Structure formats: structure tokens, C-alpha cells
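J.: Take this structure first; my questions come after.
Laboratory data are not the source of any read-out in this text; all were calculated from the coordinates shown. Remember, predicted model here, so these are calculated numbers, not experimental data. FYI the Cβ positions are ideal-geometry reconstructions off the backbone, even for glycines, and counts take in every protein chain you see.
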Amino acid sequence: MTMNRETFINCILGLALVIVPLIALGMDEPFIITLATKVAIFAMAGVGLNLVLGYGGLVSFGHAAFFGIGGYAAGILASHALNYEPIMTWPFEIEGTTQMIIIWIVALLASAIIALAIGAITLRTSGVYFIMITLAFAQMIYYFAISWPAYGGEDGLSIYVRNGFPGLNTLDPISYFALCAVMLGLAIAFSAVLIRSRFGLALQGARQNSQRMTAVGIAPFRIRLVAFVISAMITALAGALYADLNRFVSPSMMSWHMSGEIMVFVILGGVGRLFGPLAGAGLYIILEHLLGGVWEFWQLPLGVLLLIVVLFARGGLVGVLAGERKHV
Amino acid sequence: MSDTILSLSNITKQFGSLLASDSVTLDLRAGEIHALIGPNGAGKSTLIKQIAGEIKSDSGDIHFNGQHINALDAVQRSRMGLARTFQVSSLMPEFSVLQNVILARQSVSGKVFRFFRPVLSDKSLVEPAMAQLERVGLADRAEMRAADISHGERRQLEMAVALALEPRAFLLDEPMAGMGPEGSKRLTGFLDGLRAQAPILLVEHDMDAVFALADRISVLVYGRVIATGTVDDIRGNDDVKRAYLGEEA
């Protein structure tokens with residue numbers, strides 16, 4: 001079987017993500033390893049959003065909320081553990097933890113519950129209304145985080161020691177990168193399976209033609225709601241990793257700027273393309289650090305680039321490189 | 001009547017001052033093709049939408065398979081076995097031809113929330129979907145994007161999707177629209193055999209097809225059924241001649 005062009009591009013993108021930090025390791029440039037880790041995490045947040053934005057056609061402008069919920073799951077659990085204060089003592093005692101696996105489970109559960117509530121309301125709208133209502137919910141959660149003094153409020157919350165993962169020294173940059181890259185790989189693999197499944201077909205159908213969906217007897221609402229929840233969970237997991245990368249979490253992770261950035265990763269890289277978010281996050285970080293180093297208005301060319309992509313290259317970077325898809 | 005599959009009684013729908021359906025009463029019996037004809041703007045498509053559940057009627061009752069279905073929405077009616085095609089092809093343009101039919105099969109199987117197994121390697125979906133494509137003569141287009149096939153082929157795909165739903169009644173909204181004479185003739189032959197599988201409520205402007213196929217014809221003018229009867233009844237009906245067939249008859 002010959003490899004199609006998109007698969008080839010995807011392999012290159014994946015390889016680049018792995019090779020760059022390995023070279024940086026050889027050259028003793030830990031900062032570049034950290035940047036690559038950031039790319040992997042941002043890409044993962046984008047993979048989550050891409051599920052609803054790319055495959056479901058639902059423009060969520062509130063995914064930073066889930067990114068932040070993941071971040072706060074890490075920050076709150078770690079701060080309790082490090083200060084030896086239980087999170088609650090009644091009716092039963094719950095301790096904090098510095099174990100990433102437990103933190104991730106909490107992040108997944110918390111984001112799923114909140115996404116279920118937000119989705120159940122927002123998915124009754126569409127188009128611009130959906131964009132604005134998801135934004136409004138995210139802003140509500142953002143202001144809640146700012147005004148909640150128990151966990152640092154506006155100042156955020158420091159995680160003094162990066163949380164642990166069994167058998168791994170998470171403080172070692174390349175080890176932590178490897179962990180994040182594997183998580184990204186799993187998220188992409190999961191998306192790939194999902195979009196080819198019955199559920200995935202229905203989700204992509206709902207994006208294209210809701211009249212037809214109705215006529216074949218499938219109600220789009222529940223399909224979209226489940227997709228919204230899964231999408232939020234993936235983005236929340238990325239948020240937990242991001243808080244641990246920075247060893248810091250603050251409300252800015254939930255701000256609408258962050259929602260916009262996650263959207264930029266997806267759009268720049270390729271809406272509805274499996275590796276689009278990785279391409280987009282990579283390009284974004286490269287631009288930020290190459291251009292940002294020499295010119296403080298680096299976001300200006302980014303804006304122009306985004307405009308070009310939206311106007312002329314709907315498939316984003318991956319679309320330009322791999323060409324149009326045959327069918328979904 | 002026991003062999004009545006679908007019955008409308010006094011269906012009314014008003015849009016502002018326009019009476020789109022004016023106490024329409026008609027039924028669809030097992031094994032028949034019941035054609036619904038009428039000049040443009042008579043309210044034929046509106047009536048189809050009311051039967052399919054896309055538009056809520058102001059008053060009147062719809063029974064399907066012995067059940068009162070007024071309260072059911074379009075998704076539920078489709079799942080009960082009411083399959084409709086659209087006047088303007090309404091498909092999933094980015095799906096392959098095969099995926100379009102598979103989506104319908106998924107709905108019939110009742111299992112949509114399956115997250116892992118790839119659809120295209122699921123024989124229980126692919127095989128019946130391919131069978132319907134073969135029936136309408138689209139099997140060799142299975143891998144093409146629905147957006148890339150010809151207009152006539154899109155009409156055939158609409159039929160394949162409806163067939164895949166294994167319905168108890170078909171609502172066909174101008175299936176011949178935009179087809180060449182050759183295609184119309186082929187589709188006429190196909191629909192002729194289809195009535196044995198499930199009865200068809202056929203909205204159609206192609207009078208050759210209607211007269212060739214219909215067991216009964218209802219004539220809709222300004223939202224009212226002015227006549228129902230066999231082909232000969234309708235041909236000989238003076239009201240119909242005046243209102244509709246005027247020049248042709």
C-alpha cells in the first residue's frame with residue numbers, strides 16, 4: 001500500500017517534534033526542549049478543540065476554560081499535598097496528591113462534568129450564538145478563578161515541585177517532554193480512531209448537513225454533546241500538563257486569549273486535519289520565538305498569516321502541504 | 001382500513017395570510033404509488049415536510065402504521081420508517097457515496113454511539129450499504145465524494161439512502177427533478193418495482209412518469225386537495241382540467 005501524502009506529512013511533523021528536542025539535548029539547550037514540550041501540550045489542547053471545531057463544525061470559543069480546569073486540577077491537588085492540608089475533612093477526608101495520574105483523572109472528571117453542563121446549554125444554539133455563549137461560560141469560570149482567594153486568585157498558584165509520574169524523573173526536561181509527546185500521540189491516535197468510528201461519522205455528518213441527519217433519523221444534539229465532552233477532556237489533560245510544565249497555574253490559562261490561541265493552532269495547522277493542531281502549535285511557537293525575539297510586534301505577521309490561511313488555504317498548513325482530501 | 005399505512009386528516013398549515021395546506025385529507029395504502037400533483041406553489045413540498053415532521057401542522061392528524069404521530073419529531077418519524085428524499089439533493093458532500101449510505105445503515109442498526117471500530121471495516125454496515133448502491137446502479141461510484149458525482153448520480157444516491165433506511169413508506173419529493181429523459185425513464189422503471197417493498201407518496205412534475213406509475217393521484221391546488229382518484233378519474237375530471245391540466249388536456 002502506498003502512503004498517501006497526508007500520512008507522509010503527518011510522519012514528518014511527528015518526527016520533527018521528536019528530533020528537535022533530541023538535537024537540543026545533544027547541544028545542551030534545555031530551553032528548546034521546554035519549547036518543544038510546550039508545542040506538544042498546545043498541540044494536544046488543539047487536538048481536543050479540533051474534535052468539535054474541525055470534525056463537528058462547532059466553533060467553541062471557550063476551550064481555555066477546560067485548559068484551565070486541567071491546570072487547576074494539578075495546582076490545587078499539588079498545593080494541598082505540598083502543604084499537608086486535606087482538601088476536605090467531612091464527610092470523609094480527601095488529601096491532595098502529587099501523582100500526575102491521579103491529577104489527570106481528576107482533570108478528566110472535572111472537565112467532563114463542566115463540559116456536560118456547558119454543552120447541554122450551548123449546543124442548543126448554533127453559529128455566532130454558540131461562539132458567544134461558549135465564550136461567556138469560559139469568562140464566567142475565568143472570573144470565578146480570579147475572585148477565589150483560596151487558590152491564589154489573580155496571582156495564581158505555584159506548584160513548587162513538578163508532580164510525579166511512576167518511574168520517571170519529571171523534572172528532567174527531556175523526560176517530561178517524552179511524557180507530553182506520548183500523551184499527544186495518544187490523543188491523536190484516539191482522535192484518529194474516533195473519527196473513523198460510527199460516532200465519528202455521525203459527528204462529521206452533523207457538521208455537513210443537519211437536514212440530512214434528521215432525515216436518516218439521527219438527532220445531532222446528543223452526538224455533539226458527547227463530542228464536546230470528549231473534546232473538553234482532552235484539552236483539560238493538556239492543561240494539567242501545561243501547569244506542570246510551568247509549575248504554575250493562573251487564571252490567564254482560562255482567559256479568552258488562551259481560547260483564541262488554541263483556535264489559532266487548529267486553524268493555522270488545518271481544521272479537521274489529524275495533525276493540524278501539531279503543525280499549528282509548532283508554527284506558532286516557532287514564530288513567537290524567532291520573530292518575537294527580534295520584533296515585539298511579531299503577532300502582526302501572525303495575524304496576516306492567519307488571514308491568508310482563512311482566505312486561501314482552508315486546510316491550513318497540513319492542507320497546503322498534503323492537498324485536498326478525497327473524502328473524510 | 002387495515003392496509004392504510006399513512007393517513008392525513010384535515011392537515012392545515014398557515015404561513016401568515018398564506019394557507020399552505022387547507023384541511024388536506026389523503027391516505028397511502030400498502031403496495032400503491034399515490035402521486036401528489038399540482039401547480040407550482042400548491043403546497044406539495046410543504047405537505048411532505050409536515051408528514052416528515054420538519055414543519056408542525058397547525059391542526060389535523062397524521063397516522064402512520066396505526067400510530068398517531070402528530071407529537072413525533074422528524075428524527076422519530078424517520079426511525080419509525082418514514083423515509084423521504086429531497087427536491088434538491090440533500091447529501092453529505094464531503095462523505096464518499098458509500099459513507100452517505102452507511103450513515104443511514106447506522107441509524108437503522110440503532111447503534112450510533114460506537115467509538116472504536118472503523119465504520120469502513122464493519123461488514124454489517126458496508127455490505128447492506130453496497131447492496132443498495134448496486135440496486136440504484138451507483139456501486140462503481142462508492143469511493144467518490146458525493147460532491148464530485150453528477151447531478152443525476154446524486155439523485156440516485158438520494159434514493160439509495162432512502163432505500164437503506166428500509167422504510168415502511170417512501171415520501172419522494174420530485175425524484176425526477178433535473179434528470180434527463182433517459183434517467184427519468186430508468187427511475188420510472190425502478191419506482192414501479194419499488195411499490196411492492198413499501199408504498200410511495202410521490203410528488204412529481206413529470207406527468208409521463210406520474211401517469212405511468214400512479215395507482216391513485218391527488219391534485220393539490222392552493223393547499224386544497226381538489227380531486228383524488230385513478231389516472232383515468234383525474235384525466236376526466238373537469239375541475240382538474242380547469243385548475244391544472246388546462247392546456248394539456
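J.: Wrap a convex hull around the Cα atoms of the stretch A:5-322, take a quarter of its surface area, and give that in square nanometres.
T.: 17.6
J.: May I ask for the distance between the Cα centers of the stretch A:227-268 and the stretch A:127-165, given as a whole number of Å?
T.: 10
J.: Shifting gears a bit: Take the eigenvalues of the Cα gyration tensor for the stretch B:77-213, scale each by 5, and report the square roots as semi-axes in whole Å, largest first.
T.: Working: eigenvalues 129, 56, 29 Å².
After diagonalising the Cα gyration tensor, the semi-axes are 25, 17, 12 Å.
J.: If you take the Cα Rg of the stretch A:214-319 and divide it by 2.2 N^0.38 Å, with N the number of residues, what do you get?
T.: Numbers: Rg = 16.4 Å, N = 106, 2.2 N^0.38 = 12.9 Å.
With N residues counted in the stretch A:214-319, Rg over 2.2 N^0.38 Å equals 1.27.
J.: Another question, then. Enter the Cα centre distance for the pair the stretch A:21-75 and the stretch B:59-88, rounded to the nearest angstrom.
T.: For the stretch A:21-75 versus the stretch B:59-88, the Cα centre distance is 46 Å.
J.: Here's something else I'd like to know. Where the only charges are on Cβ atoms (+1 Lys, Arg; -1 Asp, Glu), what is the dipole of the protein assembly as shown about its Cα centre, to the nearest 20 debye? All intermediate terms of the calculation are to be shown ahead of the outcome.
T.: On the way: 42 positive and 46 negative charges, 104 e Å.
Here the size comes out at about 500 debye.
J.: Pick out which of B:Asp27, B:Asp61, B:Asp140 has the largest mean-square fluctuation in a Gaussian network model of chain B, springs linking Cα atoms closer than 10 Å.
T.: Fluctuation is largest for B:Asp140.
J.: Binning at 5 angstrom from zero up to the longest distance, how are the C-alpha pair distances of the stretch A:26-134 distributed in percent?
T.: Values per bin, smallest distances first: 2, 11, 14, 18, 16, 13, 11, 9, 5, 1, 0.
J.: One-quarter of the Cα convex hull surface for the protein assembly as shown, in nm²?
T.: Working: hull surface 130.1 nm².
Taking a quarter of the hull surface, the average projection is 32.5 nm².
J.: Per residue and in cubic angstrom, what volume does the convex hull of the Cα atoms of chain B have?
T.: On the way: hull volume 33.4 nm³, N = 249.
Dividing the Cα hull volume of chain B by its residues yields 134 Å³.
J.: Please rank A:Cys180, A:Cys11, fewest neighbouring Cβ atoms within 10 Å first, as an exposure proxy. Don't skip to the answer; put the middle values down first.
T.: Working: A:Cys180 24, A:Cys11 12.
Listed from fewest to most nearby Cβ atoms, that is A:Cys11, A:Cys180.
J.: Could you work out the relative contact order of the stretch B:93-165, using alpha carbon pairs under 8 angstrom and six or more residues apart, expressed as a whole percent? Each step should come with its number before you reach the end.
T.: Numbers: 77 pairs, mean separation 36.1, N = 73.
About 49 percent, as a whole number.
J.: Residues in the stretch A:56-86, backbone N under 18 Å from the label point at A:Ser158 (7 Å along the Cα-to-beta-carbon vector): list them, ranges by number please.
T.: Hits in the stretch A:56-86 for A:Ser158 at 18 Å: A:72, A:74-85.
J.: With +1 on each Lys and Arg Cβ and -1 on each Asp and Glu Cβ, and nothing else charged, work out how big the dipole of chain A is about its Cα centre, in Debye to the nearest 20. Present the calculation step by step, with values, prior to reporting the outcome.
T.: Working: 15 positive and 14 negative charges, 329 e Å.
With Lys and Arg at +1 and Asp and Glu at -1, about 1580 debye.
J.: Roughly speaking, what is the stretch gain from A:Glu296 to A:Ile121, that is 0.36 nm per residue apart minus the C-alpha to C-alpha distance, in nm to one decimal? All intermediate terms of the calculation are to be shown ahead of the outcome.
T.: Working: separation 175, 0.36 × 175 = 63.00 nm, distance 4.01 nm.
Computed gain between A:Glu296 and A:Ile121 is 59.0 nm.
J.: Right, next: List the GluC sites (Glu not before Pro) within the stretch B:184-249 that DSSP assigns to loop and that have no more than 14 neighbouring Cβ atoms inside 10 Å. Present the calculation step by step, with values, prior to reporting the outcome.
T.: Numbers: sites: B:Glu204, B:Glu247, B:Glu248; in loops: B:Glu204, B:Glu247, B:Glu248.
Counting only loop positions with at most 14 other Cβ atoms within 10 Å, the GluC sites (Glu not before Pro) in the stretch B:184-249 are B:Glu247, B:Glu248.
J.: Right, something else. Could you state the principal axis extents of the C-alpha atoms in the stretch A:135-177, from the largest down, to the nearest angstrom?
T.: 40, 23, 16
J.: Just A:Thr214, A:Thr170, A:Thr235 to compare: in a GNM of chain A, with alpha carbon springs under 10 Å, which one fluctuates most?
T.: For chain A, modelled as a Gaussian network with Cα springs under 10 Å, the answer is A:Thr214.
J.: If I take every Cα pair under 8 Å that is 6 or more residues apart in chain A, average their sequence separation and divide by the length, what percent do I get for the relative contact order? Mind dumping the intermediate values first?
T.: Numbers: 555 pairs, mean separation 106.5, N = 328.
Taking the mean separation of contacting Cα pairs over the length of chain A, I get 32 percent.
J.: So, with +1 on the Cβ of K and R and -1 on the Cβ of D and E, and no other charges, what is the size of the charge dipole of the stretch B:93-165 about its Cα centre, to the nearest 20 debye?
T.: Numbers: 10 positive and 9 negative charges, 59 e Å.
Approximately 280 debye in magnitude.
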